[in-house]
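Notes follow once the structure below has been shown.
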Amino acid sequence: MATVSSESQSDQLKVVTDATCTFCGCVCDDIDLTVDGHTITKAKRACVLGTAWFLNHDVDDRPSCMIKGKPATVEEGIEHASQVLANSRYPLIYGLSDTTSESQRVAVSIADWIGGIVDTTTSVCHGPSGMAFQGVGEVTCSLGEVRNRGDLIMFWGSNPAESHPRHFTKYSLMPKGMFVPNGRKDRTCVVVDVRKTKSANAADIFIPIKPRRDFEGLWTLRALAKGIELDPAQTLEDTGVELSVWQDLMDRMKAAKFGVIFFGMGLTMTRGKHANSEALLALTRDMNDHTRFVCKPNRGHGNVTGADNVVAWRTGYPFGVNLARGYPRFNPGEYTASDVLARGEADAAMIIASDPMANFNEPARQHLASIPYIAFDPKETPTTRHAEVAFTVATYGINVPGTVYRMDDVPIPLRPAFESPHPSDLQILEGIEERVKELKAIGLAGQASSLRPNAV
């Protein structure tokens, strides 16, 4: 449990131990925060990204709610947002990756009540991985198992040295584990990427694969795992890597006691997309004929893994789910947010902890600006500026308790540092859900009465 130190220089100074950082998918839960009032002055054990996340945090002084750019009460915002959603014909709920799993659960419920689409930021990052998991399955493990067992660690299209700075030191390369007592000396690190990254500089072996040829490289390894002879010239042409290099890697993979492959968007968002992820998952499955091998995606946002989990256990699918017919339908490209908006289909939206106005394509942004939508964010963003209803909310992990999921699907509790004057996502979403249910009940009652034959 988190503790607060009684030793303080003032009434406002405190230390919150074992706080959780929600910046990236590592979700480190061993951070000690020194808090002075509404300011975090020190974040012990946090990486450079986590330190910036905590120390640069301040409470936005904007109103907690704005309707059409004018200040309003939260209650008025909930009413207006509920009316927009309940009266829409094809609403979209999008984002969810930077909020608690409790809030994600309520958001899915709202999508169900209004018969809309619920999509997460997974659709623009590891969506292909989610599709691959459905088709091939996943040989998985926890990061604790990697720490204690992994002796061959591979990173494919991933650069954790910059994106997840504590990944090496806390889980994958440096720590001493039960079966790797000497830490880094007992591990071999392999990086496969199109360019030499900071992660590649820390690796024992760097394989510079030809751009957009990840699929060919993975199938080369699958062939070698099965003992199939390959043409060296063709392999070099297909992958940009000598066959002897691939063979050496396969020999090392077969000799490993516990091999781990981490992969990132350098694999999922290049040519092939979900076919690349399927090939990697299939390779991992093949390797278990020889030794113990697992693979895990290196997820980005703090609770994007939680978003996938919550949407999946509520609907059966991880993202891009259409609930318009009263049951879930899944079809990436048809029901994913950027596509729905770019085609001009949605007539209302609710954006939670995301900023599509800053990063979606131009047709999607233009359509989003043309429809009424609700936005949740602790800070002002291009998305909140154009919102019909904009809620300024407390920041999860810093101001709000709850649950998030680490990249290995392990739930982690949040231990906030101080309270915010703004409400949480959860409080507002619960209010919207209750009001939407009331409005839908009124609408259904009206439909029922209109269908009754006139009394004679």
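All of the numbers you see were taken from the coordinates with simple rules; none came from a lab. It should be emphasised that the depicted structure is a prediction, and the values quoted were computed from it without experimental measurement. Using ideal geometry, Cβ is built from the backbone for each residue, glycine included, and neighbour counts are taken over all protein chains shown.
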Checklist outcome for this item: Simple SL model, points at 7 angstrom along Cα→Cβ for Ile205 and His290; separation in nm is 0.9 nm
Checklist entry - Once both labels are modelled 7 Å past Cα along the beta-carbon direction, what's the Ser244-Thr41 spacing in nm? => result 6.1 nm
Item to check | Residues in region 159-176 reached by a label modelled at Val48 [backbone nitrogen below 15 Å; 7 Å Cα→Cβ] | outcome: 159-169
Checklist outcome for this item: Quick note, region 118-215: a/c under 1.5 would make it rounded; otherwise a/b > b/c is prolate and the rest oblate (a ≥ b ≥ c, C-alpha gyration tensor); here it is oblate
Next on the checklist: Over 10 Å intervals from 0, what percent of Cα-Cα pairs in region 65-173 sits in each interval?
Outcome noted: 11, 25, 31, 15, 15, 3
Item to check | Rg ratio (alpha-carbon, reference 2.2 N^0.38 Å) - the chain | outcome: 1.07
Next on the checklist: For a distance above 20 Å, tell me the whole-number percent of Cα pairs in region 245-308 that qualify.
Outcome noted: 36 percent
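Can you check what the Kirkwood hydrodynamic radius comes to for region 255-351, Cα pairs only, in Å to one decimal?
15.9 Å
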Checklist outcome for this item: Quotient of Cα radius of gyration and Kirkwood radius for region 127-297, i.e. Rg/Rh, equals 0.94
Item to check | Full-stretch length increase - Asp231, Glu345 - with 0.36 nm per residue and alpha-carbon distance subtracted | outcome: 36.1 nm
Checklist entry - Just the Cα atoms of region 13-55, one point each, no solvent: what log10 I(q)/I(0) does Debye give at q = 0.15, 0.25 Å⁻¹? => result -0.29, -0.78
Checklist outcome for this item: Partner aspartates and glutamates whose C-alpha sits under 20 Å from that of Lys440, ignoring same-chain residues fewer than 8 away, are Glu75, Glu76, Glu79, Asp112, Asp347, Glu430
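In terms of the Cα gyration tensor, with a ≥ b ≥ c the square roots of its eigenvalues, is region 89-140 rounded because a/c is under 1.5, prolate because a/b exceeds b/c, or oblate?
Values: a/c = 2.19, a/b = 1.75, b/c = 1.25.
Prolate.
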Checklist entry - Which peptide among 159-168, 195-204, 16-25 comes first, and what is the full order, when sorted by highest mean count of other Cβ atoms within 10 Å? => result 16-25, 159-168, 195-204
Next on the checklist: Set the bar at 30 Å for Cα to Cα. Now go through Lys42/Lys296; Lys14/Lys198; Lys44/Lys185; Lys198/Lys257; Lys198/Lys226 and name every pair that lies beyond it.
Outcome noted: Lys42/Lys296; Lys14/Lys198; Lys198/Lys226
Checklist entry - Taking the Cβ-Cβ separation of Lys254 and Asp30 as r and a Förster radius of 45 Å, what is the calculated FRET efficiency to the nearest 0.05? => result 0.80
Item to check | Chain lengthening between Met178 and Leu13 when straightened (0.36 nm per residue, less Cα-Cα) | outcome: 55.5 nm
Next on the checklist: In whole Å, what are the extents of region 202-329 along the principal axes defined by its C-alpha atoms, from largest to smallest?
Outcome noted: 54, 31, 30
Next on the checklist: Whole percent per 10 Å bin, from 0 to the bin with the longest distance: what is P(r) over all C-alpha pairs of region 291-412?
Outcome noted: 12, 34, 38, 13, 2, 0
Checklist entry - Say a paramagnetic label sat at a point 7 Å from the Cα of Lys437, along Cα to Cβ; which residues of region 286-323 have their backbone N under 19 Å from it? => result 314-315
Next on the checklist: Using a Förster radius of 51 Å, what is the FRET efficiency between Asn56 and Arg89 based on their Cβ-Cβ separation? Nearest 0.05, please.
Outcome noted: 0.80
Checklist entry - Going 7 Å from the Cα of Glu380 in the Cα-to-Cβ direction, what parts of region 36-62 have a backbone nitrogen less than 11 Å from that spot? => result 61-62
Item to check | Relative exposure of Ser64, Ser142, Ser158, Ser244, judged by other C-beta atoms within 10 Å (fewest first) | outcome: Ser244, Ser142, Ser64, Ser158
Checklist entry - With labels modelled as points extended 7 Å from the Cα through the Cβ direction, what inter-label distance (nm, one decimal) is found for Thr73 paired with Lys198? => result 4.9 nm
